[in-house]
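Below you'll find the structure, written out as structure tokens, and then a few comments.
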Amino acid sequence: MTPPASPIATIPPHILRLLSLIRSPPTPEHSAMASSLLQNQLSTRTPAFLWLILGFVASFLYREDEKGRLSAARCLESIARLVPKASRDAFLSTSAPTTTSSSCTPPSASSSQFLDISLMVANNCKTFEVVLSKGIELNSRGWEDPSIVTRLIDGVSSPEERIKMQRSILLHRLGMSMTSGHEALGHTKSLQGLISEKDIETGGVAMTKKVMEEPPTKRQKTKMDNKGKKDEEMETPEMALLLMRTMERQTLTSSGSTSHLLPQSLLATDIIFNMFSPNWHIRHGAVMGMLHLLKAWSTPSTTSSPTPGLWVKDILCRTLCLLILDRFGDYTSPHRTVHPIRESAGQLMAFIGTIVEEKEIEMISSALSWMRMKTQWEVRHGSCVGFKYLKLTRSDLMLKYHPKLVPNAVEDLVDESDDVKMGAAQVLGGILMMEANNNEIPNLAFKNAWDALILTDEMSSHATDLLRLISLISNSTVGVRKLGGVNCSELFRFLDHTSSTVQIEGMKLFSSILNSVDLPPAFMASLMLKLLESSRSNHQIEGVEGRRLNAARAEAFKVAVDKMKEKGLSWDGLEAFVKKAVVAYFAPKNRSTRHANLFNTMKLHSQLMSPGEFAIITRSARFLSLLHMALGYESIAFGAIKVFLPSPFVQDVEAAVILYDRLPSSDFQLEESMMAV
């Protein structure tokens, strides 16, 4: 008898190629196109095949490649929309799961395994306090081998029992399963003997040892042997097989359709389970996957929308728990940190805020306010992240239930943690971007923001956000008055910062200050010198960052020039400035550096040059060779030069370029002394 074909053998080759593009997308455009084509292909397939592919895409969420995770999350949203609307609404509005195994009911798990936000925030967030004190902290890599727990879960063949097992493990990871006084949240005994309270306190070490006593299977040995090798062939994930088989067993409902509720619950539980993985990239992929899954299955809160049920509230509670327990942060550079899990969790929580009722928003605000008072800076930062995104989605309710949002954020600007300062600056900056006429923030926040900015050093992670906040404050009448009372020259050091991002924000801030505040000519001359010095030190920065830096520098210099002209000053009034710029050209020993210095000098200062001085520069061989070289690259096009040159000079430059093109290069081997002024 011929054995049945493997599930992956039933997938057409063109769909496999689309899955490969989603798993490892060359570009975001490739991923988007592959997702669209895959959605079209699946629209005519059977429900079981749809869930097979959903299982494949869900497995891509946990790749170490960030582009692959984002691609998988977006594709998951695209094809999850093919689940019938009746099943999507039923999933979101489920009120109480039963213990039966009927194909038309949710998984057999007691309602006590579903968390409820009203119980979590009761008694001054007592249950969240338990999670903070008893739950397992989540760092970059962790306290257990994920394959061990995978073996434990994969050994359960029943979808209902698998869901129950995963939720039981989650209760232990959150430190809630053996806590007296929280019977309403569940008191499962299914893992007693395997996981004890000691395991929770020690980070799951005992659990790992007990499961490790069992020898690995042949299949797991093969996987371990192949660890680190390139995954050239696509294997069928266990979850994809389980989802397909679960869907195949579903029977018709009384309405004549097939319910998707059980595979929906199976997939959602698996993603929730991975939200608390010890490995950060798995947590990150799971949170993004859950966000896009809810986007596919939900609609914004309206009178006609289904009332959010157990699943929505459970995901909300677990997202808040993740904000409490996550400890992962990474450096994108020596001066900038990112917290991908907390940022993604904040986005997920804020999206859930758009589909829950008003009373849940009040409870979320209470939980975030409680987090703000904790001693762990990661928890306080999680509170800032939560408020930042919740304000964007439910600004209509935030001030109603959290009137102290702005004063608290202002106070957090002087927190002992740089990351909390960064989060507070982002909260206030987000509000100012939404409410341009807000005068409360400039009045309350300027002093703390300025003091925090002046105290930053080269390693501070919050300088960019503070500069951006002060720039936004300077656009208000109150901000202009505040800036007039401080020494703005203290900001010059940010133009020489080791971070190009900080430099860009610093230049943008100076552009904003010059447009708002009446500053003396000496300040503007000093600013132009600083901009010139920064152009010499950063001429090797290329790509998008280099273009952003050049654009910000040019804008700041142009504003300074305009202000100088408004005051009736000319180039003759800055003779010392001219000499210093020319001397700076000869200082570097490297020829390419000298060329870059000269060209930047020309580009930045041509508006103040007299025709005679400009003619000397344009007829020098050094400038001509540099100009010709610049025309051959996209970094500095001739059209961009014209923007900085007054119209009388444009013809001189064009004539010089034509002359350079016509004459042999040997005619331009002139001495550097030709540049003497």
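The values are calculated or read from the model by the stated rules, or taken from the named source; none is laboratory data. All figures in this text were calculated on a predicted structure; none of them were measured in a lab. All Cβ positions, glycine included, derive from the backbone under ideal geometry; neighbour counts span all protein chains shown. Each accessible area value is taken on the protein alone, full model and side chains, heavy atoms only, with ligands, DNA and RNA left out. Shrake-Rupley method; radii C 1.70, N 1.55, O 1.52, S 1.80 Å.
Some notes on this structure:
- Of all accessible heavy-atom area on segment 357-427, the percent that carbon and sulfur account for (1.4 Å): 50
- For segment 356-423, dividing the convex hull volume of the Cα atoms by the residue count gives 72 Å³ per residue.
- Contact order, relative form, for segment 374-425: 40 percent (alpha carbon pairs under 8 Å, 6 or more residues apart, mean separation divided by residue count).
- A simple charge model with +1 on the Cβ of Lys and Arg, -1 on the Cβ of Asp and Glu and nothing else charged puts the dipole of segment 384-543 at about 500 debye relative to its Cα centre.
- Among the GluC sites (Glu not before Pro) in segment 403-467, those placed in a DSSP loop whose Cβ has at most 13 other Cβ atoms within 10 Å are Glu416, Glu435, Glu458.
- Contact order, relative form, for segment 404-545: 20 percent (alpha carbon pairs under 8 Å, 6 or more residues apart, mean separation divided by residue count).
- Sequence-ordered 3J(HN,Hα) estimates for segment 381-390 from the Karplus curve with 6.51, -1.76 and 1.60 and θ = phi - 60° stand at 5, x, 5, 4, 4, x, 5, 4, 7, 5 Hz, glycine and proline given as x.
- Distance in nm between pseudo-label sites at Thr307 and Lys374 (7 Å out along the Cβ direction from Cα): 3.2
- Annotation: extensible slack from Lys126 through Leu399 equals 95.8 nm (criterion: 0.36 nm per residue apart, minus Cα-Cα distance).
- Point-charge dipole on Cβ atoms (K/R +1, D/E -1) for segment 28-92, about Cα centre, debye to 20: 200
- Of Lys164/Lys400; Lys421/Lys482; Lys530/Lys565; Lys164/Lys391; Lys295/Lys391; Lys85/Lys400, those spanning more than 29 Å from alpha-carbon to alpha-carbon: Lys164/Lys400; Lys164/Lys391; Lys85/Lys400
- In plain terms, if you count all Cα to Cα distances in segment 364-473 and split them into 5 Å steps from zero, the share in each step is 2, 13, 26, 25, 20, 10, 3, 0 percent.
- Cross-link pairs exceeding 31 Å between alpha carbons, from the set Lys359/Lys447; Lys447/Lys558; Lys67/Lys359; Lys67/Lys374: Lys359/Lys447; Lys67/Lys359; Lys67/Lys374.
- Using R0 = 35 Å, the C-beta based FRET efficiency linking Ile454 and Asn515 works out to 0.95.
- Between amide H atoms placed 1.01 Å from N, distances below 5 Å from Thr258 occur with Thr253, all of them 5 or more places distant or on a separate chain.
- Span from the segment 242-291 Cα centroid across to the segment 395-409 one, whole angstrom: 35
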